[in-house]
Structure formats: structure tokens, C-alpha cells
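> Below is a structure I'd like to ask you about.
The values are calculated or read from the model by the stated rules, or taken from the named source; none is laboratory data. Since we're looking at a predicted model, the values are computed, not measured. Cβ placement follows ideal geometry from the backbone for every residue including glycine, while neighbour counts extend to all protein chains displayed.
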Amino acid sequence: MTKKQSISYRIQPSSPEAHLFRVWMLIPKSAKEGQVLTLPAWIPGSYMIRDFAKNIVTLEASCGGRPVQTEKLDKQTWQCAPCRGELLLTYEVYAWDLSVRSAHLDTTHGYFNGTSVFLRPVGLDTLPCRVEILRPAGSAYKKWRIATSLPVDTAKQQGFGGYIASSYEELIDHPVEMGRFTHESFDVAGVPHEVVITGKHLTDMDRLCSDLKRICEHHVAFFGELPEMEKYLFQVMAVGDGYGGLEHRSSCSLICKRDDLPVRGEERLTEGYRQFLGLCSHEYFHLWNVKRIRPQQLKQADLSSEVHTSLLWAFEGITAYYDELALARSGVIEVESYLELFTQTVTRVMRCSGRQKQTVTESSFDAWTKFYKQDENASNAIVSYYTKGALVALALDLTIRQQTQGMKSLDDLMRALWMNHGKTNIGVPEDGIEDLAEKVTGLDLKDFFNNALRGTDDLPLKELLASVGIGYCLNAATSATDQGGLYKQNNESKEKPRPVLGARTLLAGESAKLSAVFDGGAAQRAGLSAGDVVIAVDGIRATANNLDQLIAQVPENMTILIHAFRRDELMSFEVIPQPAPADTCRLYILDDITDKQKQARQAWMQLVVKKSL
């Protein structure tokens with residue numbers, strides 16, 4: 001492959017102190033009418049318009065050493081005047097977004113997604129791309145290395161230099177991390193898997209790699225094979241407070257609290273580490289479900305504007321179901337720990353009255369404007385296609401198992417999606433999952449899908465979980481931190497629920513600021529609103545730490561006086577606290593179960609369950 005057969009890029013952290021990347025782009029032959037260039041407005045996997053072009057600070061074009069005039073056509077598109085010969089673009093990109101979606105650069109490290117830094121030459125998208133990644137100037141950066149899944153050209157392993165991609169689409173699907181980082185590796189299905197952690201941390205890398213290996217091997221066994229790739233890369237940014245992940249074709253970018261990572265000498269499974277392993281499991285499952293099994297609408301998506309699909313409940317929700325289930329099936333966590341996680345998912349859904357107003361397919365379709373742009377009324381207006389989608393996935397799985405006497409399951413549907421769509425690169429039509437589910441199982445699932453996907457009634461989780469010997473109930477939360485849990489026996493509370501305000505408090509300093517006010521709750525009925533800062537309850541000073549307790553001790557049906565600031569105005573409200581709603585999930589192990597229920601539970605978990613279960 002010669003330079004004239006490809007689009008060439010060169011990128012360098014030109015000023016880490018000012019957070020600037022400099023990019024050079026060489027086009028061997030531009031369009032006769034003048035080459036059009038554009039930068040994506042969103043990144044695949046994160047369904048929100050982010051307008052990455054806003055971070056381009058300067059842009060110049062030249063041909064044969066002479067300037068070429070450029071005209072900006074819209075917020076993210078430029079057109080160069082016609083020219084003969086090679087067209088050279090030189091531009092600077094501001095990078096100060098510490099997330100998995102964009103680009104970030106300072107004196108400690110550099111990170112970028114191609115969607116943030118590489119202009120797309122319209123009409124030349126399918127040409128191969130060559131990328132030279134340069135080291136920042138100065139002795140302070142001599143020990144910097146590169147971590148990326150981009151195929152190597154002239155660069156050495158983890159070295160600065162030349163990399164290649166078969167097309168622009170592939171180019172933007174391999175994020176790049178540079179700097180000083182911790183690196184370890186392990187093999188899965190004969191393919192190297194690398195873990196790179198940037199940021200200060202004291203991670204037990206042996207334990208982390210051992211756990212990740214078990215999770216990855218489980219997913220590979222689940223689908224029967226690993227998609228073709230030279231290697232897989234976990235890119236991890238450890239920070240004081242953060243959480244997020246984004247999938248790519250042979251890597252994933254993750255951000256987490258450094259305290260969530262395991263440290264040497266600590267053998268227990270912390271909640272933070274369990275959450276981090278779930279995140280890794282989620283993004284790895286996306287290798288199949290999203291990166292290869294894709295909605296037809298997103299298969300070759302236009303990255304300049306929104307692309308709508310009603311299937312995110314499946315691509316994110318089913319993935320969210322399997323990410324935690326895989327932790328138990330692989331033996332990384334105990335079954336009890338998985339069930340505890342599931343109660344938290346149910347609780348998050350049940351505490352959102354928006355589930356009664358928005359269907360999970362509508363949530364998928366409206367991801368661009370509602371899920372990714374949530375405001376203070378979100379819990380009253382929308383439902384998450386992640387969490388509700390995960391509940392739909394469990395309900396579908398247990399329904400199939402029950403109606404086929406354990407002969408079929410959601411596992412079979414996922415493997416069929418892989419064979420029919422993932423391996424063939426054929427996009428999934430909007431009704432494709434429903435149709436394939438019926439073909440694979442031989443069941444009539446129309447009523448199930450109509451109710452679960454296009455209805456707003458709660459799913460019959462109690463009945464379905466009973467089929468695998470698990471009890472289910474909803475109780476009032478016992479405190480503001482109660483997210484549900486697993487119990488040894490039925491724990492349906494007989495006590496009166498504690499009084500609550502019916503609002504969520506933002507824990508910021510000492511102030512008790514209301515971040516959300518729930519439909520029909522005491523706060524809303526009294527006129528309190530999101531953004532109000534509660535300063536006193538019946539003359540007692542209120543803070544973020546004691547507000548819940550002050551409300552909980554109010555006698556039944558008693559009216560209290562709450563003082564709060566709205567903007568800079570002091571206001572008073574007469575409030576009658578209401579009993580906490582039954583929105584907190586408890587699961588428990590059914591004692592008296594049949595052999596059929598026990599076998600069904602063991603088949604669902606795919607392991608020999610402890611006697612206690």
C-alpha cells in the first residue's frame with residue numbers, strides 16, 4: 001500500500017499544557033469540485049449529539065505549498081477550493097474532556113477517539129488510512145508509551161510511529177491512550193488480551209487479570225468463538241471519582257474510581273470492584289452484541305445527525321442482563337451476590353414513575369433527546385432502556401425456559417443472532433429480534449413482546465422468579481441508602497413505612513438541595529421543586545445529612561413547616577410527609593421448592609448451586 005492509495009494522518013500532542021493536539025491530514029487527490037471534509041457529531045455507542053467539531057481551534061489547507069481557501073458549510077463541515085495535487089490539511093484540536101467519548105490531553109497523559117480528531121474526507125471514506133502518532137516534544141515525555149488496538153505499521157509494540165486502518169470507519173473505532181501506564185496481559189482463545197491502567201493506583205494486576213480472564217472466557221464460550229482480531233485491549237483511566245465505558249471493535253475504554261480497583265492483600269470482593277468487573281463484562285459482551293450484531297439502522301450510521309432505532313432495549317438492555325449474570329456463571333462472584341445486584345436493578349426501575357409513561361422501545365428511540373439529556377424531571381417522565389431492558393431480558397429468558405421446559409432460553413436466541421447477523425454482517429431489522437425469538441424457540445411470543453416492549457405495565461417478575469425457586473417482594477425503603485437486597489427468607493415488612501418527603505437530595509456539601517421531586521409525593525403536593533435548598537424543618541436546621549431523619553420522625557398525618565430557598569428567595573411550605581412507597585426489591589430463597597424448580601435454577605445459572613440455594 002503506497003501513500004497515494006491511502007489517506008494519511010499525523011497527530012502530535014503539540015501543547016499538553018494547553019491541551020492541544022496538532023493534526024496533519026494528506027489527501028492524495030481531492031474531489032474536482034473541491035474536497036469536502038467533516039467531523040462526526042457523535043460517537044457510536046453513545047447516542048447523543050456532541051458536536052466534536054466545536055473543538056477544532058484552527059484549520060488551514062494547502063496544495064503544493066500554496067494556501068487553499070476553505071469555506072465552512074455548517075457546524076462540522078468544510079469545503080476546500082479545487083486544487084491539483086496532494087491536499088494538506090493542518091488543524092489543532094482542543095482536548096479537555098476526561099471521558100471515554102472524546103479526547104483529553106495534559107502533561108500526564110493523552111487520550112483520543114478518532115471521532116474527535118480525524119476529519120473524514122467525504123467520498124473517500126473507504127480508502128485505507130495511515131496514521132503516524134508522534135511523541136510530545138521535550139525530555140519529560142521520553143517514557144511515554146502508546147496503548148491502542150490500531151494495527152501496527154511501522155511502530156514498535158506500544159511505541160510511537162505508524163499505524164494503519166482499512167477505512168475511516170475502522171480508523172475511528174480504535175481509541176488511543178498515551179503516557180505512563182501499568183500494563184499486563186493474558187490470553188483468551190489464543191488471542192492476547194491487554195489491560196492498561198492510567199492514573200495513580202495500587203491495583204493487584206494479577207487478581208484483576210485472573211478475574212477478567214474468567215469473564216472473557218465465559219463470554220467466548222457463550223457465543224462459541226471470539227470475533228476475529230489480533231488482540232483485545234482494556235483501556236482503564238483511574239480517577240478519584242468517575243464511572244463509564246465505551247465499546248469498540250477490539251477494545252474498550254473505561255473510567256473508574258481508583259478505589260474500585262483491587263489492591264494487594266485485599267481478598268474480599270468490594271462493591272466497587274464488583275461494579276468495575278460488571279462494567280468490563282458489559283463492554284466485552286458488546287464485542288458480539290453491538291459491534292457485530294447491530295441494528296440495521298446503525299450498521300452504517302450517519303455520524304452527522306441522530307439515527308433512531310427502537311432496539312436499544314436489546315442491544316444495551318440484554319447486554320446489561322448478561323454482564324452481571326456472567327459474573328456469577330463464570331464463578332467470579334457468588335450467586336447470592338448476583339441476586340443482590342439484580343435487586344438493585346429492579347429497585348432503580350421501580351423508583352422511576354416514568355416507567356408508567358414511556359415504553360422501553362420509546363426509550364430506545366428517544367435516547368438522543370431524553371435518556372442522554374436528562375433533567376430534574378427525568379424520573380417522572382422516562383424509563384432507562386438499560387435497566388428496564390435488563391428486566392425485559394430476564395423476563396424473556398425465564399419465559400422461554402418455562403414454556404419450553406428448559407429446552408430453549410435467551411442464550412439460544414443470542415447465539416442465533418450471532419450466526420445470522422454477527423457473522424454475516426447483516427443488520428438486524430426493527431422487528432428482527434422478535435421474529436427470530438419465535439423461530440428459535442417455537443413459541444408464540446407476540447403477547448409477551450407487546451406487553452414488555454410496547455406496554456408500561458410492570459413485568460410479572462414474581463411469578464417468573466418463582467419458576468426458578470426465587471422469592472420476590474417489594475418493600476418500602478428502610479433508609480435513604482436502601483437499594484434492596486437478598487434475604488434468607490421472605491422479608492415482606494409488616495412495619496409501617498417511614499415518612500418521606502418524596503424527593504431526591506443532592507449530596508453537595510451541607511446544603512439539602514432537592515435534585516428531583518417525585519410525582520405525587522409530599523414535596524410536590526406542597527409546592528417544593530427541584531433546585532430548592534431546604535434549610536429548616538419545623539424550625540430545626542436541615543442539612544443533606546439529617547433531612548431524611550428529620551422527615552422520618554414526623555408523626556403520621558402531621559403537617560410540618562419547611563423553609564427553603566428558591567434561587568435567592570426564602571419560601572415556606574406546609575408539608576404532610578407520606579409513607580415511603582413499596583419500591584425497594586427484596587429477593588429470598590424459597591425453601592419448599594420442587595425438583596423442577598431447583599433444576600431450572602441450576603440450568604439458568606449454569607453451575608452447581610450451593611446447598612443454601
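> Against the definition (in contact with a Ser or Thr (Cβ under 9 Å, 6 or more places away or on another chain), surrounded by fewer than 21 Cβ atoms within 10 Å (Cβ to Cβ) and among the β-branched types (Val, Ile, Thr)), how does Thr58 come out, yes or no? Spell out the reasoning first.
Numbers: in contact with a Ser or Thr (Cβ under 9 Å, 6 or more places away or on another chain): yes; surrounded by fewer than 21 Cβ atoms within 10 Å (Cβ to Cβ): yes; among the β-branched types (Val, Ile, Thr): yes.
Considered against the rule, which asks whether it is in contact with a Ser or Thr (Cβ under 9 Å, 6 or more places away or on another chain), surrounded by fewer than 21 Cβ atoms within 10 Å (Cβ to Cβ) and among the β-branched types (Val, Ile, Thr), Thr58 comes out as yes.
> Among Val117, Val152, Val131, Val122, which is the only one that is assigned by TED's automatic domain parsing to the domain that holds Pro28, aliphatic (A, V, I, L, M), closer than 30 Å to Glu33 by Cβ and surrounded by fewer than 18 Cβ atoms within 10 Å (Cβ to Cβ)? Full working, then the answer.
Working: Val117 fails: surrounded by fewer than 18 Cβ atoms within 10 Å (Cβ to Cβ); Val152 fails: closer than 30 Å to Glu33 by Cβ; Val131 fails: surrounded by fewer than 18 Cβ atoms within 10 Å (Cβ to Cβ).
The unique qualifying residue is Val122.
> Further question on the same structure: Got a number for residues in segment 448-502 being within 30 Å of Ala544 (Cβ to Cβ), in a loop (DSSP other than H, G, I, E, B), within 30 Å of the chain's Cα centre (by Cα) and not small (Gly, Ala, Ser)?
Counting residues in segment 448-502 that are within 30 Å of Ala544 (Cβ to Cβ), in a loop (DSSP other than H, G, I, E, B), within 30 Å of the chain's Cα centre (by Cα) and not small (Gly, Ala, Ser) gives 4.
> If I go through segment 352-386 residue by residue, how many of them are basic (Lys, Arg), under 20 Å from the mean Cα position of the chain (by Cα) and outside any helix (DSSP H, G or I)?
Matching residues across segment 352-386 total 1.
> Filter segment 403-447 down to the residues that are touching an Asp or Glu at 6+ places or on another chain (Cβ under 6 Å) and not in a helix (DSSP H, G or I) and list them by number. First the steps, then the outcome.
Taking segment 403-447 and keeping what is touching an Asp or Glu at 6+ places or on another chain (Cβ under 6 Å), we get 409-410, 440, 445.
Once the filter is applied, which keeps residues that are touching an Asp or Glu at 6+ places or on another chain (Cβ under 6 Å) and not in a helix (DSSP H, G or I), segment 403-447 yields Ser409, Leu445.
> Residues Leu37, Leu26, Leu20: which one is within 29 Å of Lys291 (Cβ to Cβ) and at pLDDT 95 or above? Can you show your working first?
On the way: Leu26 fails: within 29 Å of Lys291 (Cβ to Cβ); Leu20 fails: within 29 Å of Lys291 (Cβ to Cβ).
None of the others qualify; the one that does is Leu37.
> Name the strands (runs of 3 or more DSSP E) wholly inside segment 65-167 in which the number of residues that are over 24 Å from Leu287 (Cβ atoms) is 3 or more. So that I can check it myself, show each step before the final result.
Working: elements: 66-68, 70-74, 77-80, 87-94, 103-105, 109-112, 129-133, 145-148, 161-165.
Ranges flagged: 66-68, 70-74, 77-80, 87-94, 129-133.
> May I pose another question? Scan Leu464, Leu506 and give me the residue that is of a type in the set (A, V, I, L, M, F, W, C), in the same structural domain as Tyr386 (by TED's automatic domain parsing) and either in contact with a strand residue (DSSP E or B) (Cβ under 9 Å, 6 or more places away or on another chain) or closer than 21 Å to Gln597 by Cβ (or both). Spell out how you get there, then give the answer.
On the way: Leu506 fails: in the same structural domain as Tyr386 (by TED's automatic domain parsing).
Just a single option satisfies the conditions, and that option is Leu464.
> Would you check which residues across segment 564-588 are surrounded by 21 or more Cβ atoms within 10 Å (Cβ to Cβ) and either of a type in the set (Phe, Trp, Tyr) or modelled with pLDDT under 95 (or both) and list them?
Across segment 564-588, there are no qualifying residues.
> Across segment 155-185, what is the total count of residues that are surrounded by fewer than 18 Cβ atoms within 10 Å (Cβ to Cβ) and under 25 Å from Arg214 (Cα atoms)?
Residues flagged as surrounded by fewer than 18 Cβ atoms within 10 Å (Cβ to Cβ) and under 25 Å from Arg214 (Cα atoms) within segment 155-185 amount to 4.
> Considering segment 536-590 alone, what residues qualify as being of a type outside the set (A, V, I, L, M, F, W, C) and within 30 Å of Gln489 (Cβ to Cβ)? Walk me through it before giving the result.
In the first step, residues of segment 536-590 are kept if they are of a type outside the set (A, V, I, L, M, F, W, C); the result is 538-539, 541, 543, 545-546, 548-549, 553, 555-557, 559, 563, 566-569, 572, 574, 577-579, 581, 583-584, 586, 588.
Passing the criteria: Asp548, Gln549, Gln553, Glu556, Gln578, Pro579, Pro581, Asp583, Thr584, Arg586, Tyr588.
> Still on this structure, I have one more. Which pairs do you get when a residue that is in a loop (DSSP other than H, G, I, E, B), found in segment 550-565, comes within reach of a residue that is loosely packed, with under 13 Cβ neighbours inside 10 Å and at pLDDT 95 or above, reach meaning Cβ atoms under 9 angstrom, with the pair 6+ apart or on two chains?
Once the first residue is in a loop (DSSP other than H, G, I, E, B) and sits in segment 550-565, its partners that are loosely packed, with under 13 Cβ neighbours inside 10 Å and at pLDDT 95 or above give Thr559/Glu574.
> May I ask you to verify whether Tyr284 is among the aromatic types (Phe, Trp, Tyr), at pLDDT 95 or above and crowded, with 16+ Cβ neighbours inside 10 Å? Let's see the steps before the verdict.
Numbers: among the aromatic types (Phe, Trp, Tyr): yes; at pLDDT 95 or above: yes; crowded, with 16+ Cβ neighbours inside 10 Å: yes.
For Tyr284, the condition - among the aromatic types (Phe, Trp, Tyr), at pLDDT 95 or above and crowded, with 16+ Cβ neighbours inside 10 Å - is met.
> Taking interchain pairs and intrachain pairs at least six residues apart, which have beta carbon atoms under 7 angstrom, with the first residue in segment 253-272 and at pLDDT below 95 and the second among the acidic types (Asp, Glu)?
So the pair list comes out as Arg264/Asp204.
> Separate question: Test each condition in (1) modelled with pLDDT of 95 or more; (2) part of a loop (DSSP other than H, G, I, E, B); (3) surrounded by fewer than 20 Cβ atoms within 10 Å (Cβ to Cβ) for Val608 and report the one that comes out false.
Failing condition for Val608: (1).
> Would you mind listing the strands (runs of 3 or more DSSP E) fully within segment 1-47 where at least 3 residues are assigned by TED's automatic domain parsing to the domain that holds Pro67 and touching a Cys at 6+ places or on another chain (Cβ under 9 Å)?
On the way: elements: 7-15, 20-27, 36-38.
Correct list: 7-15.
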